[in-house]
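S.K.: Here it is, the structure in full.
Laboratory data are not the source of any read-out in this text; all were calculated from the coordinates shown. None of these values were measured; they are calculated from a predicted model. Please note: Cβ atoms are built from the backbone with ideal geometry, for glycine as well, and neighbour counts cover all protein chains shown.
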Amino acid sequence: MNYPKCPSCGHELLDRTDKCPFCGADLSRRSLRSTGAQANHLRKIILLVSVMMVISGAAFTFFFAMSGKSTNYGTDKSPEQVIPQDTNAEHCFENMYRILDAEDEYLDRNGRYADNIDELHQFDSALELECPQSGLPYSIVNTKQSVQVICSVHGEI
C-alpha cells in the first residue's frame, strides 16, 4: 500500500495527521492534494517535452536525409558526368565534342548557331555525323543559352 509522503521532508506518513511527525510541516488535505497535483503536472510536462524532442529529432533526420539527396531534374549533363564505356563510345563522344566546337566556331562567324547537323556539316565537312556504334545520325538541339548534341545510343552533351 502506498502511503502519502510529507511534502517537506519526504518521509512516509503512516497516520492521518495535520502535522508531519518528523518535520512539523502542515499536512492539511489541501496541501497534500496540491503536492500530488504538482507531481502529476511535472510528469505531464516531462512527457510532453520528451514527445516533442522525439518528433523534432525525426523531423530533422528526415530533412537532412532528403536534403542530402541530389536531383538533376531539368539540368543539363556536364561533360564530366559522361563516362564512355568502350572505344565506340569514346569515339562517339569525341565526335560530339567536335560538333560542339564546330557550333562555337559557327556562332563566332555567323552570329547564331547552326539550325541542324547538315548545315553544320556544310560549314565543317570533316565532322562525322553518325555514331560509330549504331550508325544513327547525331542531332542538335539549340536553345538561346546552349547547344546540345544528342546520340540516340550514348546520350547527350
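S.K.: Would you please name the trypsin sites (Lys or Arg not before Pro) within segment 84-157 that are DSSP coil residues with at most 10 other C-beta atoms within 10 Å of their C-beta? Please list the in-between numbers first.
M.R.: On the way: sites: ARG98, ARG109, ARG112, LYS144; in loops: ARG112, LYS144.
Sites meeting the loop and neighbour criteria: ARG112, LYS144.
S.K.: Now for a different question. How would you rank MET53, MET96, going from fewest to most other Cβ atoms within 10 Å of each one's own Cβ?
M.R.: Arranged by neighbour count, lowest to highest, MET53, MET96 become MET53, MET96.
S.K.: Further question on the same structure: Once fully extended, how much extra length lies between LEU136 and PHE62, figured as 0.36 nm per residue of separation less the alpha-carbon to alpha-carbon distance?
M.R.: 22.1 nm
S.K.: What's the FRET efficiency of LEU14 with ILE45 using the Cβ-Cβ distance as r and R₀ = 41 Å, to the nearest 0.05?
M.R.: Computed FRET efficiency for LEU14 and ILE45: 0.85.
S.K.: Taking 0.36 nm per intervening residue step and subtracting the Cα-Cα distance, what contour gain separates LEU107 from LYS144 on full extension? Could you put the intermediate results ahead of the total?
M.R.: Working: separation 37, 0.36 × 37 = 13.32 nm, distance 1.16 nm.
Roughly 12.2 nm would be gained on extension.
S.K.: Under 5 Å between amide H atoms, partner at least 5 residues away or on a different chain: which partners does LEU127 have, H built in plane at 1.01 Å?
M.R.: It is none; the list stays empty.
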